[in-house]
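The values are calculated or read from the model by the stated rules, or taken from the named source; none is laboratory data. Since this is a predicted model, take the numbers as computed values, not measurements. Cβ placement follows ideal geometry from the backbone for every residue including glycine, while neighbour counts extend to all protein chains displayed.
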Amino acid sequence: MSYLILVRHGESRWNLANKFTGWVDVPLSKKGIEEAILVAKSFEGLNIDVAFTSRLERAQETLMLILAYQNKTGIFLHKGKKRNQWSMHPKRFDKNEIPIYSDTAINERYYGKLQGLNKDWARKKYGKEKVFTWRRSYDVCPPGGECLKDVVERSVPYFEKEIMPQLKKKKNVLVSAHGNSLRGIIKYIENVSDEEIPHLELPTGKPVIYKYKKGKLEKMHMDFSFDRPLEWKK
C-alpha cells in the first residue's frame, strides 16, 4: 500500500492581492508559508519517498517547506540527454534525500491576457458574465490563455506516465502543484464529469489524500486538523 498526497500551494502574494496569477512566478505570502508548515506538521509519521512539483516558485516553495519540516532534502532530477550533467544525484540518494521531478505539465492554468489583472478590475473591463465563463467553464479560453480542458489534457498524461508508476512501486508520493492542474488529476482519478469539474474547489494548503492498494486509488476521508498529525495506516 502507498499514499498519493495532492497539495495545492499555500496562499501566494497574488492570491492575497486578488490577481490572476497563472504562469507568473509569484512567491508565497506570509499566510502561505504558515499554511505549508501546518500541512507539513500533519504529515508527521509518514515517510515521503518521491515528490513532483510544477516549474513555478509557489509550488516549489510549498514543497520545500514540507520537506524541511520532515528533515528531508529534495534533489531535483532532470530528464533528457543532459540528465547526468544537470542532476546532482542521478542514481543514488542518502537516507534523508528524496528525488523531486518538476514539469510544466502540472503548472497552473495559463491565463493569457488576464495574468496580473485584479479580478474585480477584470470584471469591470470585460463584464461579470464573460469573466465568470472564462474562469468556470470547462472549454472556453480567456484571451490568449488556456481553458480547464487544456490543463486536463497536459496534466493527466503526465500523471499516468510519471506519477502512477511510483505508486505501483509502493512509494508514498507528494504532488505540490496548483488548483487547476490538481483538479485535472482529481478529475481523472475520481471520474468527475466535464460539467462537474469546474465547480470543484481546492483550498490552499489543504491536502487531498488517496490510498493506492490492489491497483486502485481510494480517496481517504481523514480527519485533517492543524492541532495534530494525521493517523497513517501502515
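Observations on the structure shown:
- Where a residue in segment 60-73 is hydroxyl-bearing (Ser, Thr, Tyr) and its partner, wherever it lies, is in a helix (DSSP H, G or I), with Cβ under 6 Å and at least six apart: Thr62/Ala36; Tyr69/Ala40
- Residues located in segment 133-144, provided they are out of contact with any Leu (no Cβ under 6 Å at 6 or more places or on another chain) and surrounded by 12 or more Cβ atoms within 10 Å (Cβ to Cβ): Thr133, Trp134, Arg135, Ser137, Val140, Cys141
- Out of Leu148, Leu174, Leu117, Leu167, sole residue that is more than 21 Å from the chain's Cα centre (by Cα), surrounded by 15 or more Cβ atoms within 10 Å (Cβ to Cβ) and touching a residue at least 24 places away in the same chain (Cβ under 8 Å): Leu117
- Residue among Gly74, Gly22, Gly10, Gly45 that is within 13 Å of Ala177 (Cα to Cα), small (Gly, Ala, Ser) and modelled with pLDDT under 95: Gly10
- Unmet requirement for Lys161, which otherwise passes all of (1) more than 17 Å from the chain's Cα centre (by Cα); (2) surrounded by fewer than 16 Cβ atoms within 10 Å (Cβ to Cβ); (3) among the basic types (Lys, Arg): (1)
- Flag for Ala36 being crowded, with 22+ Cβ neighbours inside 10 Å, at pLDDT 95 or above and under 15 Å from the mean Cα position of the chain (by Cα): no
- Hits in segment 53-78 - residues which are among the polar types (S, T, N, Q), more than 18 Å from Ser42 (Cβ to Cβ) and part of a helix (DSSP H, G or I): Gln60
- Contact annotation: residue pairs with Cβ atoms under 9 Å, 6 or more positions apart or on different chains, pairing a residue in segment 87-103 that is under 14 Å from Asn71 (Cβ atoms) with a partner that is small (Gly, Ala, Ser) and at pLDDT 75 or above, are Glu97/Gly74; Ile98/Ala51; Ile98/Gly74.
- Condition met for Thr133 (of a type in the set (Ser, Thr, Tyr) and free of Cβ contacts under 8 Å to residues at least 24 places away in the same chain): yes
- Any hit, segment 195-210, residues being surrounded by fewer than 18 Cβ atoms within 10 Å (Cβ to Cβ), modelled with pLDDT of 95 or more and out of contact with any Cys (no Cβ under 8 Å at 6 or more places or on another chain): no
- Among the residues making up segment 11-49, those that are of a type in the set (Ser, Thr, Tyr) and touching a residue at least 24 places away in the same chain (Cβ under 8 Å) are Ser12, Thr21, Ser42.
- Test: residue in segment 106-128 that is under 22 Å from Val7 (Cα atoms) and hydrophobic (A, V, I, L, M, F, W, C): yes
Condition check ((1) exposed (fewer than 12 other Cβ atoms within 10 Å of the Cβ); (2) on the phi > 0 side of the Ramachandran plot; (3) modelled with pLDDT under 75; (4) in contact with a helix residue (DSSP H, G or I) (Cβ under 8 Å, 6 or more places away or on another chain)) across all residues:
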site: Asn84; (1), (2), (3), (4): yes, no, yes, no
site: Glu97; (1), (2), (3), (4): no, no, no, no
site: Ile106; (1), (2), (3), (4): no, no, no, yes
site: Arg109; (1), (2), (3), (4): no, no, no, yes
